[in-house]
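Right, one structure below, let's go through it.
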Amino acid sequence: MSVEPFETEANTLSSVESNSSRSEAGVGGKRVLVTGGAGFLGSHLCERLLEDGNEVICLDNFFTGRKGNIAHLVPNPSFELVRHDVIDPFKFEVDQIYNLACPASPPHYQFNPIKTTKTSVVGAINCLGLAKRVGARVFQASTSEVYGDPEVRPYSPSQKTAASILSGYVRATMNVSTAPKPSS
């Protein structure tokens, strides 16, 4: 299967054990899950997706994300904030998943490397499993350190593992897009 660029047009979403069907999204909108949605990039993505007429579920455990980043979105009826860790299973009926959940800067991911590994690997597996179950498209972000020289810029090997898992899913079942996530 080919990997196609992920479109950032209209998108929409729901909750941890969402019973809502995907067809309940706004006219022309989609249901969209943004993991790591309270982070710098995730919060801006949530904002843009809402502006485009989508319903958005922001899933974040607030390890590095900040409530202040998404506080202005909470009153929006098309926005749902779910405090949840991607390493724990979750179920939503969604059209698209943006997996941004993982500390992006060396001080954050080196603080607890086991947690970082679980977030990258198990989080990716949970997102891909959900996508496969509901037929959603996935965008997987990755820290830029994955591609750098570890002697100069330390990196999280778990991000490479997550990328390998994504490649397996692409070959086996679905379209998945990947892009490096800038470090903080």
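Would you mention how many residues in the stretch 96-116 are crowded, with 20+ Cβ neighbours inside 10 Å and either at pLDDT below 80 or more than 13 Å from the chain's Cα centre (by Cα) (or both)?
Residues that pass the stated criteria total 4.
Report the residue count in the stretch 28-81 for those that are of a type in the set (A, V, I, L, M), assigned to a helix (DSSP H, G or I), open to solvent by less than 20 Å² (accessible area, probe 1.4 Å) and in contact (Cβ under 8 Å) with a residue 40 or more places away in the chain.
Taking the stretch 28-81 and keeping what is of a type in the set (A, V, I, L, M), we get 32-34, 38, 41, 45, 49-50, 56-57, 59, 70-71, 73-74, 81.
Adding the requirement that they be assigned to a helix (DSSP H, G or I) leaves 41, 45, 49-50, 70-71, 73.
Retained after the next criterion (residues that are open to solvent by less than 20 Å² (accessible area, probe 1.4 Å)): 49, 70, 73.
Checking which are in contact (Cβ under 8 Å) with a residue 40 or more places away in the chain leaves us with 49.
Adding up the residues that qualify gives 1.
Hey, can you tell me all the residues within the stretch 47-88 that are touching a Cys at 6+ places or on another chain (Cβ under 8 Å) and not hydrophobic (A, V, I, L, M, F, W, C)?
Glu80
The values are calculated or read from the model by the stated rules, or taken from the named source; none is laboratory data. For clarity, every value in this text was computed on a predicted model and none was experimentally measured. No Cβ is skipped: glycine too gets one built from the backbone with ideal geometry, and neighbour counts run over all protein chains shown. To get the accessible areas, we keep the full protein, side chains included, count just its heavy atoms, and leave off ligands, DNA and RNA. Shrake-Rupley method; radii C 1.70, N 1.55, O 1.52, S 1.80 Å.
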